[in-house]
Amino acid sequence: MPDLTVIESRCTLCNLCAADCPARVITLPDSGLPQYVEGGADRCYICGHCEAICPTAAISVDDPRLDPRTYPETGDDAVIPPERLGAYLRMRRSVRKYRQSPVERETIEQLMDIVRYAPTGINTQSLHWLVIHDTVELRRLTGLAVDWLRDMAKSDSPMKAWFDFEGMAGRWDSGEDPVCRHAPHLVVAHAHREALTAPADAFIALAHLDAAAPSFGLGCCWAGLFKIALDQWAPLREALALPDGHVAYYALMLGTPAVRYHRPPKRNPLNIAWR
Ligand SMILES: Cc1cc2nc3c(=O)[nH]c(=O)nc-3n(C[C@H](O)[C@H](O)[C@H](O)COP(=O)(O)O)c2cc1C
């Protein structure tokens with residue numbers, strides 16, 4: 001159960017905490033400090049907006065489920081001008097050639113520490129992460145995905161219109177990796193199949209990971225083929241060994257790029273309807 005703490009000497013009774021609360025569970029009584037409404041603790045999203053918006057750092061929401069670590073105030077320093085952000089995001093590329101040196105676990109943890117700030121429905125934060133850090137294990141899993149490619153090559157699946165399964169299996173046999181591109185690592189976002197909004201949460205968080213990786217000198221690629229294999233090939237699902245009831249929503253390859261892109265590519269024109 002969450003707990004609201006208000007430091008009386010700091011609170012100016014400005015009401016910003018109550019006004020910003022998305023669950024409407026904070027009230028400012030006529031005489032007294034901000035507090036939960038009746039039953040409010042049960043309905044609190046524990047999103048921390050009350051804490052984040054308070055100009056005098058007077059209020060905090062705590063819960064045994066929360067990581068107690070906090071970050072210093074950044075003020076306007078956290079704002080990236082549009083030209084810089086645009087230049088950064090436009091230069092993000094899907095990386096398909098990686099250095100074989102592993103990325104330190106500590107670096108991946110720093111990256112994932114940013115990713116956990118991605119939005120989740122009702123702040124449920126129900127995502128789990130599986131980082132296949134051991135490259136040998138990733139090759140074993142990729143080999144199982146290649147077994148699926150071979151099976152598909154023999155089938156009359158309509159997917160053959162898009163994918164050359166036989167060609168990809170042959171490339172694997174000759175030392176290439178058309179599935180995970182010889183990435184040293186793979187990051188899988190998973191959650192219990194009944195977790196509310198988990199599919200959207202997973203895509204959003206993975207998109208944050210994809211976007212944040214270049215800031216660490218790292219690169220990602222969405223592992224679409226691996227994901228389809230995972231959905232269709234039981235031996236791969238069993239080898240991934242997620243907790244009971246969990247679904248892998250998607251996976252990203254991760255590593256240090258072995259190529260450098262010098263300029264953003266062209267894109268289709270924007271397709272916006274205004275009303
Ligand atoms: C959902 C999704 C699945 C993808 N699957 C693969 C994949 O299996 N293999 C691959 O090499 N690239 C994959 N990609 C990368 C796309 O081909 C790439 O994003 C697109 O060509 C644009 O290039 P860019 O990301 O460098 O801008 C995938 C991208 C997305 C969004």
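Throughout, read-outs are computed from the coordinates displayed, never taken from laboratory work. Fair warning: this is a prediction, and the values are worked out from it, not measured in the lab. Note that we place each Cβ from the backbone using ideal geometry, even for glycine, and neighbour counts take in every protein chain shown.
With contacts taken as Cα pairs under 8 Å and at least 6 residues apart, the chain reaches a relative contact order of 21 percent. Computed from the C-alpha gyration tensor, the three semi-axes of the ellipsoid equivalent to the stretch 215-275 are 31, 21, 11 Å, from longest to shortest. Relative to the longest principal axis of the Cα atoms of the chain, the long axis of helix 198-212 lies at roughly 80 degrees.
The local environment of VAL6, defined by Cβ-Cβ distances under 13 Å, has a net charge of -3 under the rule Lys, Arg +1 and Asp, Glu -1.
Evaluated with a Cβ-only charge set (Lys, Arg +1; Asp, Glu -1), the chain carries a dipole of roughly 1540 debye about its Cα centre, given to the nearest 20.
Entry note, the chain: the mean residue ellipticity at 222 nm calculated from DSSP H runs of n ≥ 4, each adding -39500 (n - 2.57), is -10000 deg cm²/dmol after division by the residues and rounding to the nearest 500. Sort the stretch 38-146 into rounded, prolate or oblate with this rule: let a ≥ b ≥ c be the square roots of the eigenvalues of the Cα gyration tensor; rounded if a/c is under 1.5, and if a/c is not under 1.5, prolate when a/b is larger than b/c, oblate otherwise. Judged from the Cα gyration tensor, the stretch 38-146 comes out oblate (a/c at least 1.5, b/c at or above a/b). Compared with the dominant Cα axis of the chain, that is its longest principal axis, helix 105-115 is turned about 60°. Placing pseudo-labels 7 Å out from each Cα toward the beta carbon at ALA52 and LEU196 gives an inter-label distance of 1.8 nm. Starting from the Cα gyration tensor of the stretch 183-248, take the square roots of the eigenvalues, sort them a ≥ b ≥ c, and report rounded, prolate or oblate (rounded when a/c is under 1.5, otherwise prolate if a/b is larger than b/c, else oblate). Oblate shape, in that a/c is at least 1.5 and b/c is the bigger or equal ratio.
Once the Cα atoms are used to define both axes, helix 135-154 deviates from the longest principal axis of the chain by about 60 degrees. Rounded, prolate or oblate: which one fits the stretch 124-275, using the alpha carbon gyration tensor with axes a ≥ b ≥ c (rounded when a/c is under 1.5, else prolate when a/b beats b/c, else oblate)? In terms of gyration-tensor shape, rounded.
Among the cysteines of the chain, those whose beta-carbon sits 4.7 Å or more from every other cysteine beta-carbon are CYS11, CYS14, CYS21, CYS44, CYS47, CYS54, CYS180, CYS220, CYS221. According to the Cα-based calculation, Rg over Rh for the chain is 1.06, with Rh computed by the Kirkwood formula.
One Cα centroid belongs to the stretch 138-202, the other to the stretch 6-44; the line between them spans 49 Å.
Here's the list of lysines a cross-link from LYS160 could span, going by alpha-carbon distance under 27 Å and ignoring same-chain residues fewer than 8 apart: LYS97, LYS227. As a test, work out the antiparallel percent of DSSP beta bridges whose residues both lie in the chain, rounded to the nearest 5. Expressed as a percentage, antiparallel bridges in the chain total about 95.
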